[in-house]
Amino acid sequence: QVQLVESGGGLVQAGGSLRLSCAASGIIFSINAMGWYRQAPGKQREWVAAITSGGYTDYANSVKGRFTISRDNAKNTVYLQMNSLKPEDTAVYCCTTIVRTVAKWGQGTQVTVSS
């Protein structure tokens, strides 16, 4: 079965950096587009970034220039490098992919940015 396991979250001061990882299994990772979403308390889930199988990337305006999504097909892992973090980046971050038209989600990793 498909499994997505995120890691790398934590508590960081504003202006700091974190790198999130999402390890995938049960899929042919190299052909899957991957994405990151986040959800802050009391707010709707928000798309953050995506990367296609060919390496094309796209970002939400709120993180453009600060976050970088990348992938290592040899490790079946997608990353989210987050720099210049702001308190408003505080959220649970989840990775996702589509398998046969069904969205699959990891359990998420908490990112907390203190001011």
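The values are calculated or read from the model by the stated rules, or taken from the named source; none is laboratory data. Since the structure is predicted, the reported quantities are computational estimates derived from the model, not experimental observations. Using ideal geometry, Cβ is built from the backbone for each residue, glycine included, and neighbour counts are taken over all protein chains shown. The protein model used for the area step is the full one, side chains on, heavy atoms only, and it has no ligands, DNA or RNA in it. Shrake-Rupley method; radii C 1.70, N 1.55, O 1.52, S 1.80 Å.
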Q | Pair list, Cβ < 9 Å and 6+ apart or interchain, from the range 63-77 residues that are over 13 Å from CYS22 (Cα atoms) and among the hydroxyl-bearing types (Ser, Thr, Tyr) to residues that are open to solvent by less than 80 Å² (accessible area, probe 1.4 Å) and not in a loop (DSSP other than H, G, I, E, B) | A | THR68/ALA49; THR68/THR57; THR68/TYR59; THR68/TYR79; THR68/LEU80; THR68/GLN81; THR68/MET82
Q. Can you name the residue in the range 97-115 that is in a loop (DSSP other than H, G, I, E, B) and open to solvent by 50 Å² or more (accessible area, probe 1.4 Å) and is also modelled with the highest pLDDT among such residues?
A. GLN107
Q | Those residues of the range 51-65 which are open to solvent by 30 Å² or more (accessible area, probe 1.4 Å) and part of a loop (DSSP other than H, G, I, E, B), in sequence order | A | THR52, SER53, GLY54, GLY55, TYR56, ASN61, SER62, LYS64, GLY65
Q | Residue list for the range 33-42, filter: within 16 Å of GLN110 (Cα to Cα) and in a strand (DSSP E or B) | A | TRP36, TYR37, ARG38, GLN39
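Conditions tested, residue by residue: (1) part of a strand (DSSP E or B); (2) at positive phi; (3) open to solvent by 70 Å² or more (accessible area, probe 1.4 Å); (4) not acidic (Asp, Glu).
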{"site": "ALA24", "(1), (2), (3), (4)": "yes, no, no, yes"}
{"site": "ILE27", "(1), (2), (3), (4)": "no, no, no, yes"}
{"site": "GLN44", "(1), (2), (3), (4)": "no, no, yes, yes"}
{"site": "ALA49", "(1), (2), (3), (4)": "yes, no, no, yes"}
Q | Subset tally (residues that are of a type in the set (S, T, N, Q) and in contact with a strand residue (DSSP E or B) (Cβ under 6 Å, 6 or more places away or on another chain)) for the range 18-56 | A | 4
Q: Report yes if SER7 is modelled with pLDDT of 95 or more and either open to solvent by 50 Å² or more (accessible area, probe 1.4 Å) or closer than 14 Å to THR96 by Cα (or both), otherwise no.
A: yes
**Q.** Residue count for the range 16-38, restricted to those that are touching a Phe, Trp or Tyr at 6+ places or on another chain (Cβ under 8 Å) and of a type outside the set (A, V, I, L, M, F, W, C)
**A.** 5
**Q.** Selection count where residues are closer than 21 Å to GLN110 by Cβ, in a loop (DSSP other than H, G, I, E, B) and open to solvent by 30 Å² or more (accessible area, probe 1.4 Å), scope the range 67-96
**A.** 4
Q. Can you name every residue in the range 26-45 that is within 16 Å of the chain's Cα centre (by Cα) and closer than 26 Å to GLN1 by Cα?
A. PHE29, ASN32, ALA33, MET34, GLY35, TRP36, TYR37, ARG38, GLN39, ARG45
